[in-house]
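The values are calculated or read from the model by the stated rules, or taken from the named source; none is laboratory data. All of these numbers come straight from a predicted model, not from anything done at the bench. Note: ideal-geometry Cβ built from the backbone for every residue, glycine included; neighbour counts use all protein chains shown. When the accessible area is computed, the model is the full protein with side chains, heavy atoms only, and any ligands, DNA or RNA have been set aside. Shrake-Rupley method; radii C 1.70, N 1.55, O 1.52, S 1.80 Å.
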Amino acid sequence: MRTAYLEDSALHITADFNRTTPIEVIGAPEKANSLYINGKKVKHTVDDNGIWAGTVQYADPGIKLPSLKDLEWKYVDTLPEIQPSYDDSGWVVADHKTTNNTHRPLTTPTSLYSSDYGFHTGYLIYRGHFVATGDETSFSIHTQGGSAFGSSVWLNQTYIGSWTGIDRNSDYNATYKLPNLQAGKPYVFTVLIDNMGLDEDWTIGTDQMKNPRGILDYQLSGRDASAITWKLTGNLGGEDYRDKVRGPLNEGGLYAERQGWHQPEPPSKHWESRSPLDGLSGPGVGFYTAQFDLDIPRGWDVPLYFTFGNDTAPPPAYRVQLYVNGYQYAKYVNNIGPQTSFPVPEGILNYRGANWLAVSLWALQSNGAKLDRLELEYATPVITSMNEVEPVEQPKYEPREGAY
């Protein structure tokens, strides 16, 4: 029950109901002779003790939701950094010879801790440039991204491996075999790291929350570490983040995020028509966007949530971020889990109007990945006295100055 008040001789009660519900009113004012619940008159009886009794009838409103698999999905590759034509001149140069982090001393020529460069949240991308001698055969890299994080590494356009992650493992040291390199030719390592957020600290004095994110160490066989010069990016602008409405934790370093394409009405008209349920045939990151309408009847509070399927055994390794009207509302790791359903409230979702959905799909294995299922579902509709929910601000896509 939300409120109760007397208006002339009418007793008004506002409340929420998820089933047909008998009600009693004990101590009704003497002046009252009629009962209204959520503005509707309810028949009632009065016993010898003056107790009112009535029933609020509940009938399923027949909610109809769109099928997400049938939306007109648009797709764009969001890892252009591995293409030979990609220009990273706008990226931050990782040239700090010292670190602001007092918890772990540097073991690399310059800091590769993302927070030293203002990137504290979301996916991180590193590009390491070097000129080959032709004798390099392996690349070792120690990355840290928090509990259940993952990472992938490319040499130019060649995928050389991933750490797919396990629950509660916050760092990993991997060694990857390299293809034959040509002496005198320039190469670029592209390293994608899932930053799962900073650690919590449960023990006094351990400073676990200071564990850095990014690359902790690396070794290119037969070469000094200084042979590689690094650049990095996270969310566009870092601490000077662009989306002041949705806040500093909303987006990370993927190309589509840096461009702002996760916001409503992205420039997707000429993108390829492809669904995240079709997915990727190889390792990489795809970005998908679609629009849908909702028409939830007024007077009902209907909990809505997005559900990912996990039907393949063993589950393939892929990671998903889901944006609803520009707000990140899901971070789903298929091979770890366990959460598969992500509620999104009214106000973020427009219950009577247009909505934009965006999905990033990161395939960490050589055979690619696709979503098993993605569905919009609802829990029990509730008859409500709640006032009309005003949507939060939902800034639409606009070209971002300086986006790279």
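Data table
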{"quantity": "Phe308 in contact with a helix residue (DSSP H, G or I) (Cβ under 6 Å, 6 or more places away or on another chain) and in the same structural domain as Leu357 (by TED's automatic domain parsing)", "calculated": "no"}
{"quantity": "Residue count, the range 301-320 (criterion: in contact (Cβ under 8 Å) with a residue 60 or more places away in the chain and not in a loop (DSSP other than H, G, I, E, B))", "calculated": "7"}
{"quantity": "Scope the range 393-404; condition loosely packed, with under 13 Cβ neighbours inside 10 Å and closer than 20 Å to Val324 by Cα; matching residues", "calculated": "Glu393, Lys396, Glu398, Pro399"}
{"quantity": "Wholly enclosed strands (runs of 3 or more DSSP E) of the range 146-220 bearing at least 2 residues open to solvent by less than 30 Å² (accessible area, probe 1.4 Å), in contact with a helix residue (DSSP H, G or I) (Cβ under 9 Å, 6 or more places away or on another chain) and without any contact (Cβ under 8 Å) to a residue 12 or more places away in the chain", "calculated": "none"}
{"quantity": "Flag if Gly50 is among the small types (Gly, Ala, Ser), surrounded by 10 or more Cβ atoms within 10 Å (Cβ to Cβ), touching a residue at least 12 places away in the same chain (Cβ under 8 Å) and assigned to a loop (DSSP other than H, G, I, E, B)", "calculated": "yes"}
{"quantity": "Hits in the range 345-384 (condition: open to solvent by 20 Å² or more (accessible area, probe 1.4 Å), in a strand (DSSP E or B) and either under 30 Å from Tyr176 (Cβ atoms) or touching a helix residue (DSSP H, G or I) at 6+ places or on another chain (Cβ under 9 Å) (or both))", "calculated": "Glu375"}
{"quantity": "Filtered residue count, the range 353-389, keeping only those that are within 25 Å of Thr289 (Cβ to Cβ) and without any contact (Cβ under 8 Å) to a residue 60 or more places away in the chain", "calculated": "1"}
{"quantity": "Members of the range 326-342 found to be part of a strand (DSSP E or B), farther than 13 Å from Phe308 by Cβ and not hydroxyl-bearing (Ser, Thr, Tyr), listed by number", "calculated": "Gln328"}
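Table: residues versus (1) open to solvent by 30 Å² or more (accessible area, probe 1.4 Å); (2) part of a loop (DSSP other than H, G, I, E, B); (3) at pLDDT below 95; (4) over 20 Å from Asp87 (Cβ atoms).
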site	(1), (2), (3), (4)
Gly238	no, yes, no, no
Gly253	no, yes, no, no
Ala256	no, no, no, no
His262	no, yes, no, yes
Pro276	no, yes, no, yes
